[in-house]
Amino acid sequence: MKEVVHARGHEHVSAAHASTWELTSDDWLTPAGDCILGIEADRTPADFDRAFVTACQSMDATITATLRVDGHEQTIVGRGDPDLTFEDDRSLVARTSDYTDDRTVLVGADTAAEGIDREIAEALAAGADLECVFTVE
């Protein structure tokens with residue numbers, strides 16, 4: 001199963017956060033948002049198909065997020081958790097920790113914002129379009 005989210009970069013994308021990365025449906029970003037990779041996301045966790053959400057609520061689920069930006073691609077791997085609710089209608093967050101809230105779409109991620117390929121981060125800071133493909137197995 002897969003879910004696709006489109007967003008765009010912003011001049012304040014720094015991809016510097018050590019434990020998360022985020023996509024938001026907001027149309028703005030301040031320098032303090034060092035985990036945010038993209039704004040104006042066209043989908044949020046609340047929009048994801050219920051079957052996808054149910055599959056992500058298994059501790060055995062492997063969730064991948066493939067970021068595609070300006071000819072570059074990076075895949076981030078995490079896992080599911082029974083506490084993932086996918087209820088937020090504003091933003092989605094991938095976490096390296098086990099913490100969950102209504103924005104969390106995967107936990108135990110192998111990469112946070114600071115680990116994003118610098119060519120991807122620079123393209124996003126220049127306003128490039130982002131496609132993020134989530135899959136769950």
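The values are calculated or read from the model by the stated rules, or taken from the named source; none is laboratory data. Source: prediction; values computed, not measured. Ideal geometry is used to build each Cβ from the backbone, glycine not excepted, and the neighbour counts take in all protein chains shown.
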Would it be correct to say that T75 is surrounded by fewer than 17 Cβ atoms within 10 Å (Cβ to Cβ) and in contact with a Leu (Cβ under 9 Å, 6 or more places away or on another chain)? yes
Kindly indicate which of T44, T66 is surrounded by 19 or more Cβ atoms within 10 Å (Cβ to Cβ) and farther than 12 Å from L106 by Cβ. T44
Residue check: is E122 modelled with pLDDT of 95 or more, of a type outside the set (G, A, S), in contact with a His (Cβ under 7 Å, 6 or more places away or on another chain) and closer than 18 Å to A16 by Cα? no
Tabulated pairs, the stretch 20-39, first without any contact (Cβ under 8 Å) to a residue 12 or more places away in the chain, second assigned to a strand (DSSP E or B) and not β-branched (V, I, T), C-beta under 8 angstrom, 6+ apart or interchain: none
Tell me the residue from A55, A46, A51, A18 that is in a loop (DSSP other than H, G, I, E, B) and either touching a strand residue (DSSP E or B) at 6+ places or on another chain (Cβ under 7 Å) or modelled with pLDDT of 95 or more (or both), please. A18
Give the residue that is surrounded by the fewest Cβ atoms within 10 Å (Cβ to Cβ), with candidates limited to residues of the stretch 81-106 that are farther than 14 Å from F52 by Cβ and of a type in the set (A, V, I, L, M). V93
List the number of the failed condition for V13; all other conditions in (1) under 13 Å from the mean Cα position of the chain (by Cα); (2) surrounded by 14 or more Cβ atoms within 10 Å (Cβ to Cβ); (3) touching a residue at least 60 places away in the same chain (Cβ under 8 Å) hold. (1)
Of residues in the stretch 18-35 being out of contact with any Phe, Trp or Tyr (no Cβ under 7 Å at 6 or more places or on another chain) and within 15 Å of I76 (Cβ to Cβ), the one surrounded by the most Cβ atoms within 10 Å (Cβ to Cβ): L23
